[in-house]
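The values are calculated or read from the model by the stated rules, or taken from the named source; none is laboratory data. Since we're looking at a predicted model, the values are computed, not measured. Cβ placement follows ideal geometry from the backbone for every residue including glycine, while neighbour counts extend to all protein chains displayed.
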Amino acid sequence: MASYLQFCFIILLCGKDSPSATSISLQQQTLPVSGEDFTIECRYPPSSYPRSAQWRHEDIQVASQSCTSTSSCTTTIHNPTKYKLKGNDHSSSLTIINLTAGDNGRYACDFINKSGIWSADETIQVLDPVPPSRVFVSDTQSVWQYSNNANISVTPGLPYNIICGANTARPAVVLEWLIPEDVAVVHQDQSDDIRDGSYISRKSLTVSPSREDHGKILICIASHPELQKNIRRSISLNVHVLPTSVLLFLTGGNQSQSTVLYVQEDSPTSITCKSIGSFPATELLLALVGDSYRTRIHANSSSNMSVLDGILFDTEITIAIRPDAANHGMNIVCSSHMEDAFFLKVLTARLVVYGLPVDVTISFPGDMFEGAETNITCRAPNGYPAPLIHWYIGSRNLTDNSSLETSLNAADRYDAESTLTFIPTRFDHRKRLLCQALQPNTTSTAVSKNNSTVLNISSQHRGAMSVMKQ
């Protein structure tokens, strides 16, 4: 038994030369329940021969054992139908057979050797038998108590501990597992703990399921003298095969897990989340997550027989979006799970939205004069990646005469500013100045955004003329 009550009462009755370390104690490892056998153990330190242990009930001797050597002992039991006695060099055990109310009272053990006599006693109160208040099945993984005929979700090849238990019974309930022959299990010994004058009993087993064990039934049988019939609790093995992988990727591209999805602004885009090789089919959900909100994206998922195994499922869900600059830096989140939340995995991929700047503007420091050096600025905010800015007057490329500065803004996109330095001539008058912001590293047809103005160049002697912007 896993626990016991221990009582120790030491009385030195006689002997002048007794060792100071000598003491005896009474120990009971079970509860004294009416109709059951009950054992009290008297423990003492090994000592020299001769020695003896004598048992008394209400000061009436009921049994004794005297030994002159290890192999020479004499046992006396006054009522062999009521008592049994066992002993060794360090203990003597008295068993009371078929407890009744007449067995109540004080029991004493007297240990005697050449140094003296030591005694310990305890009062026994016989208890009435009580049936279990509850019989249940649980597991050590979740500590969840399952209802009768419930399913327990397990994974092939992974050991799973299942417990059958019974609460508050006297005497202890006898628990037994009934298992199909082809299910691989390891049985554990039953434990019976004493708590508040009754037993809490547990009997565990470790099952190592295979895929073929899906749907098989395990039964726990609880028997007790106070039950008219045995109590049975059954559970079914719900064998889950976890997916070999769950992937999040751009539809039509390489089917591998991506943590960053590069998409083009305002371009129809499909994103797929896929689970490979599971049983039952994996459930998939997709959501768009920003800094302050989460939006589920509704789409239907589909499941088909896995290409890896004909009894497993491949499941995928695909969404279509048309991303804009506001989606840049957001996350596409795929949540994959199986029934009963037995399996849960969350994949996240960051959206990187390629896009041209929101606008392109040209600004002048003042009037333009023939032969006078002039700086013209072009600004292209909120592009990704950092825009490139080219300058043209007619078909003449002036980009080499310009500078370019880019900076990352709060939206994690780029603002670009280019300054063109040139000396206008009379041949530039009425020609078109073009500022062109290009999106680098893209195969999209939307590769540039432009702004242009017609140059009005004033001669130095004619005074300033206004710049007409178109």
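Below, the figures for the structure above:
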item: Conditions (1) farther than 30 Å from residue 281 by Cα; (2) surrounded by fewer than 17 Cβ atoms within 10 Å (Cβ to Cβ); (3) hydroxyl-bearing (Ser, Thr, Tyr); number of the one not met by residue 191; result: (2)
item: Scope segment 168-194; condition β-branched (Val, Ile, Thr) and under 30 Å from the mean Cα position of the chain (by Cα); matching residues; result: 179, 183, 185, 186
item: Residues of segment 180-195 satisfying the condition of being in a strand (DSSP E or B) and among the β-branched types (Val, Ile, Thr); result: 185, 186, 194
item: Scan of segment 88-109 for residues that are of a type in the set (Asp, Glu) and modelled with pLDDT of 95 or more, ordered by number; result: 103
item: Count of residues meeting criterion [farther than 19 Å from residue 410 by Cβ and part of a strand (DSSP E or B)] in segment 288-302; result: 7
item: Some residue of segment 76-85 being crowded, with 19+ Cβ neighbours inside 10 Å, in contact (Cβ under 8 Å) with a residue 24 or more places away in the chain and within 30 Å of residue 200 (Cα to Cα); result: no
item: Filtered residues of segment 367-386 (kept if within 15 Å of residue 419 (Cβ to Cβ) and without any contact (Cβ under 8 Å) to a residue 60 or more places away in the chain); result: 373, 374, 375, 376, 377, 379
item: Residue, modelled with the lowest pLDDT, within segment 122-145, restricted to residues that are under 19 Å from residue 42 (Cβ atoms) and crowded, with 16+ Cβ neighbours inside 10 Å; result: 122
item: Members of segment 61-75 that are surrounded by fewer than 18 Cβ atoms within 10 Å (Cβ to Cβ) and of a type in the set (Gly, Ala, Ser); result: 66, 69, 71, 72
item: Test result for residue 99, surrounded by 12 or more Cβ atoms within 10 Å (Cβ to Cβ) and within 14 Å of residue 36 (Cα to Cα); result: yes
item: Entirely in segment 317-373, the strands (runs of 3 or more DSSP E) that have 3 or more residues that are under 29 Å from the mean Cα position of the chain (by Cα) and among the polar types (S, T, N, Q); result: 331-337
